[in-house]
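The values are calculated or read from the model by the stated rules, or taken from the named source; none is laboratory data. Computed from a predicted structure; not experimentally measured. Using ideal geometry, Cβ is built from the backbone for each residue, glycine included, and neighbour counts are taken over all protein chains shown.
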């Protein structure tokens, strides 16, 4: 038996599971945990930030890069309320983290002390967190913590990964109890359910009989680390592959079988093939409105004339938006391994009947790329987004970690950023949270200190979370932020224009309320004021050079890029906000389904 206080139990349990970092922000309610981490600084490192959301976004990105969950620490009251947005983002994007929040001492429950949330129940922060986590635990006694820590760290990674919350009253951090520790750490729970073998057989038969088969790789392929398995099945059967926007990067986008993303921000080949196929193997997707063009038949999908095989680890996501002909509630990687094994045993190879279909699909990909190239060389100032994407693709090196924030730039990133040559793209897809790209870059760089990290962010999102730059300077993290400076919340302004009319935009552009003149921050100067490098780019030809120079300097850097706010993006998908109808695709040279 060892004598340990509650904080020591928590920190030791994290260390046993290999957790290397605690990301967070100090506060009186969490100092007990911080004290235990102080004594163990050689085994677990605290990283301090300037806003609790930053810590949550960092933990989210760290997990996406490494597959290893980390923990956050925040104080009671506003300190922990502030992390909820980042935790919700992690839940929507299947990212595991342990959010540890401090609370008021148990002997002050129901007395409404400083920062207690107790309107309906004492120390009630667990209720506030319930919608955003897989499970919320509260430990009113220190002797409950060993079991809670085992359960919490298992729940995070079991099935679909996600955030878990642990709420600890102040006195529990310092209360001492007897703890019996087994030799060695308990193994982390892993749950990778396989598909029903009969469903695998039927799915393979349906694919083998198809004339126009398509694989749709969703974000579940990324979460499961199944990109190589997707490629292996596609190559074995010679089937083209599209991705959902969040699944972008499941494997190299220059691969001849890769058609690109579907939906609102997708490309022509992805959408055209998705609506024209006769059998769709959908892997790890919930068929959300953004990836399906708001379920409008004939734009991205038309299941009145298609067969659907749906593989998804969460049973409650199967059939929610489209009823499958064959359903597999399974881990994507496990199901793909079963399909590959069965294909090998049955001697099923390239599908001869699908050769003409594949050639047509590759033609659609070539047509789309040729259309994009027409404006990718534009020399206009401010910079046209198509040209900006060409320069970003040129400058981002092989193996780089790239994060996109949310804003108008995100649509161009989904369409045109090339996830090739070992590059990885991370984005907030489910919750679409401004700040993930700005702040998550810190977690990505800590996770992969030797890799280049580039965050492409909007001016709106960067203004919300610019403190991330100060943290990068403090911890010597050589992140490059490319700020897409178009003077406002342009994606929302465009929605106003599309649904209500061009003359009915309001509260979306950054302008002086007195004169109406544009108001734009000097983000290069802002970066310099915090100790980072700062670059201002107004000419298209200078953008790739600025990114390359910033990466070579190996210091935190902010690149302020003056962007054209009124450029029209080519669209091959759509998006409706019921009851309002969005604009139809403006690029559709071959609208026939078959």
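Table for the structure above
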{"quantity": "Among the residues listed as 459, 522, the single one being surrounded by fewer than 19 Cβ atoms within 10 Å (Cβ to Cβ) and closer than 25 Å to residue 379 by Cα", "calculated": "522"}
{"quantity": "Residue in the range 309-321 that is closer than 19 Å to residue 209 by Cβ, in a loop (DSSP other than H, G, I, E, B), assigned by TED's automatic domain parsing to the domain that holds residue 253 and modelled with pLDDT of 95 or more present", "calculated": "no"}
{"quantity": "One residue from 587, 535, 489, 499 being more than 20 Å from residue 402 (Cβ to Cβ), assigned by TED's automatic domain parsing to the domain that holds residue 458 and touching a helix residue (DSSP H, G or I) at 6+ places or on another chain (Cβ under 9 Å)", "calculated": "489"}
{"quantity": "Residues of the range 568-594 that turn out to be under 26 Å from the mean Cα position of the chain (by Cα) and surrounded by 13 or more Cβ atoms within 10 Å (Cβ to Cβ), as a count", "calculated": "10"}
{"quantity": "Checklist (1) surrounded by fewer than 20 Cβ atoms within 10 Å (Cβ to Cβ); (2) in contact (Cβ under 8 Å) with a residue 24 or more places away in the chain; (3) not in a strand (DSSP E or B) applied to residue 549, failing item", "calculated": "(2)"}
{"quantity": "Residue among 141, 160, 111 that is under 20 Å from residue 11 (Cα atoms) and out of contact with any strand residue (DSSP E or B) (no Cβ under 6 Å at 6 or more places or on another chain)", "calculated": "141"}
{"quantity": "Unmet criterion (only one of (1) in contact with a strand residue (DSSP E or B) (Cβ under 9 Å, 6 or more places away or on another chain); (2) assigned to a loop (DSSP other than H, G, I, E, B); (3) over 17 Å from residue 206 (Cβ atoms)) for residue 300", "calculated": "(1)"}
{"quantity": "Within the range 1-51, tally of residues that are closer than 17 Å to residue 103 by Cβ, within 31 Å of the chain's Cα centre (by Cα) and part of a strand (DSSP E or B)", "calculated": "1"}
{"quantity": "Residue match in the range 335-358 (condition: in a loop (DSSP other than H, G, I, E, B), out of contact with any strand residue (DSSP E or B) (no Cβ under 9 Å at 6 or more places or on another chain) and buried (at least 19 other Cβ atoms within 10 Å of the Cβ))", "calculated": "no"}
{"quantity": "Single residue of 362, 415 found to be within 27 Å of residue 239 (Cβ to Cβ) and within 23 Å of the chain's Cα centre (by Cα)", "calculated": "415"}
{"quantity": "Meets criteria (surrounded by fewer than 18 Cβ atoms within 10 Å (Cβ to Cβ), closer than 19 Å to residue 163 by Cβ and not assigned by TED's automatic domain parsing to the domain that holds residue 244) for residue 81", "calculated": "yes"}
{"quantity": "Selected residue [at pLDDT 95 or above and part of a loop (DSSP other than H, G, I, E, B)] from 193, 161", "calculated": "161"}
{"quantity": "Residue list for the range 376-401, filter: in contact (Cβ under 8 Å) with a residue 40 or more places away in the chain, assigned to a helix (DSSP H, G or I) and surrounded by fewer than 18 Cβ atoms within 10 Å (Cβ to Cβ)", "calculated": "394"}
{"quantity": "Hits in the range 494-508 - residues which are without any contact (Cβ under 8 Å) to a residue 40 or more places away in the chain and touching a strand residue (DSSP E or B) at 6+ places or on another chain (Cβ under 6 Å)", "calculated": "508"}
{"quantity": "Selection from the range 435-451 of residues that are surrounded by 24 or more Cβ atoms within 10 Å (Cβ to Cβ) and either in the same structural domain as residue 21 (by TED's automatic domain parsing) or not in a helix (DSSP H, G or I) (or both)", "calculated": "435"}
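Residues checked against (1) surrounded by fewer than 23 Cβ atoms within 10 Å (Cβ to Cβ); (2) more than 16 Å from the chain's Cα centre (by Cα); (3) closer than 20 Å to residue 308 by Cβ:
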{"position": "214", "(1), (2), (3)": "no, yes, yes"}
{"position": "223", "(1), (2), (3)": "no, no, no"}
{"position": "228", "(1), (2), (3)": "yes, yes, no"}
{"position": "247", "(1), (2), (3)": "no, no, yes"}
{"position": "255", "(1), (2), (3)": "yes, yes, no"}
